[in-house]
Amino acid sequence: MVRSGRPNLVCRYCCRRAISIESITSCPLRPPVLTVSDAGANRRRQSLFQALRSQAMQILRQLPIALFLALAACGGPEPSACDGDGVSASGAWLRAAGEGQPMSAAYVELCNGADAPDKLVAAHFDGANAAEIHITSMDEDGMASMAPAEGGLALAPHEKTALAPGGAHIMLIGLSAPIAAGEEAAITLEFENAEPMTVMFKAMSPAEAAAHQGH
Ligand SMILES: [Cu+2]
């Protein structure tokens, strides 16, 4: 029906010569979010765009802070000042090992709060034939190789020493059973001076380990 005084309207969704606003708004092909009024739709699109843009700007503004916090929280394996009595351990984890996997590596950050140097001299894990303290080194060709830390791993006084992927680690050789991600392994650490200490190491899947290293 053409209302007098109004131009003929064509429904832009079904291309029928629609003839009233009502028949356009009830067109079954009309997407529900759009309205007949182009001006109204544009306004809506514009305000959606503005909302997205202000959200993006907010994220961009917060990005440097987030990056800074991420860097501050993940200082890397660099030794840093540390205080307290004797040696303490933090961030202990090991690589999960599946069926038939004979080895795993365990990592931990050790803090020697004492005034004298100490050494990590041995590690024991009931679930493996041997637990060795290894250091990783690079040869002239850039090939990494690992070897037992002769005489133990030095722990400088008031410093954190990280056993971390690519560096020193506790090698668990001859696992008696798989270690599933999420499980915990009790590894006892022995020191030259400090009392021995049993630390719970949390098993991480390869994906978790990679994300952890990304820190
Ligand atoms: Cu090793």
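The values are calculated or read from the model by the stated rules, or taken from the named source; none is laboratory data. None of these values were measured; they are calculated from a predicted model. Positions of Cβ are generated from backbone atoms using ideal geometry, with glycine treated the same way; all protein chains shown enter the neighbour counts.
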For the stretch 113-135, name all the residues that are surrounded by fewer than 16 Cβ atoms within 10 Å (Cβ to Cβ) and not acidic (D, E).
A116, P117, H124, N129, A130, I135
Residues of the stretch 90-107 being among the small types (G, A, S) and within 16 Å of the ligand (Cβ to nearest atom), which ones?
A97, S104, A105, A106
For the stretch 130-165, give me the residue count where each residue is assigned to a loop (DSSP other than H, G, I, E, B), under 27 Å from the mean Cα position of the chain (by Cα) and within 12 Å of the ligand (Cβ to nearest atom).
1
With the structure loaded, tell me whether A181 is in contact with a strand residue (DSSP E or B) (Cβ under 6 Å, 6 or more places away or on another chain) and part of a loop (DSSP other than H, G, I, E, B) or whether it fails that test.
yes
Looking at G174, G127, G151 in this structure, which one is assigned by TED's automatic domain parsing to the domain that holds A209 and either within 23 Å of A210 (Cα to Cα) or touching a Ser or Thr at 6+ places or on another chain (Cβ under 6 Å) (or both)?
G127
Out of curiosity, is G127 within 14 Å of the ligand (Cβ to nearest atom) and over 14 Å from W93 (Cβ atoms)?
no
Residue list for the stretch 162-215, filter: of a type in the set (G, A, S) and more than 29 Å from A81 (Cα to Cα):
G174, S176, A177, A180, A181, G182, S205, A207
Where residues in the stretch 167-178 are within 16 Å of the ligand (Cβ to nearest atom) and touching a residue at least 40 places away in the same chain (Cβ under 8 Å), which of them is farthest from the chain's Cα centre (by Cα)?
G174
Verdict on L110 being in a strand (DSSP E or B), in contact with a strand residue (DSSP E or B) (Cβ under 9 Å, 6 or more places away or on another chain), modelled with pLDDT of 95 or more and within 16 Å of the ligand (Cβ to nearest atom):
no
Suppose we filter A203, A186 for residues that are assigned by TED's automatic domain parsing to the domain that holds W93, touching a Leu at 6+ places or on another chain (Cβ under 8 Å), closer than 18 Å to A97 by Cα and more than 16 Å from the ligand (Cβ to nearest atom); which single one remains?
A203
